[in-house]
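Chemist: Have a look at this one.
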Amino acid sequence: MLATFSGSVDQELLLHNEYLVTENRIRSVEDELLSKMILFEESSLRHCLENYVNHFHAERNHEGNGNVILFPAPEDRIGEMSVDIQTRERLGGLLKVYYRDAA
């Protein structure tokens, strides 16, 4: 929701909204990932964050967007209901995604 004043977007409110979204993303990364990991160097942090971003965009459902996966990979698209459910894990099982093989 953007507040308008005399037909233009209130820039201060827009920046505040972007700040809140960024703060929410950081909190999600801390709660879902960093609080469960022990990292010793920058390369391990980068590895974890790359896996989290891939999981967030391609494998995780998003409640705010109708509980759908935003950018599913072609091999992860839901198939028929009669197919067994498969599991893919990232970071030793910390991040999981469940899917069905396409028919």
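The values are calculated or read from the model by the stated rules, or taken from the named source; none is laboratory data. What you see is a predicted model, and the numbers here were worked out from it, not measured in a lab. Every residue, glycine as well, gets a Cβ built from its backbone with ideal geometry; the counts of neighbours run over all protein chains shown.
Chemist: Would you check which residues across segment 27-48 are aliphatic (A, V, I, L, M) and either more than 11 Å from the chain's Cα centre (by Cα) or surrounded by fewer than 10 Cβ atoms within 10 Å (Cβ to Cβ) (or both) and list them?
Modeler: LEU33, LEU34, MET37, ILE38, LEU39, LEU45
Chemist: From LEU20, LEU45, LEU39, grab the single residue that is assigned to a loop (DSSP other than H, G, I, E, B), at pLDDT 75 or above and not β-branched (Val, Ile, Thr).
Modeler: LEU39
Chemist: Suppose we keep only residues that are assigned to a loop (DSSP other than H, G, I, E, B) and surrounded by 13 or more Cβ atoms within 10 Å (Cβ to Cβ) within segment 80-103. Which one would you say is modelled with the lowest pLDDT?
Modeler: Top of the filtered list is VAL83.
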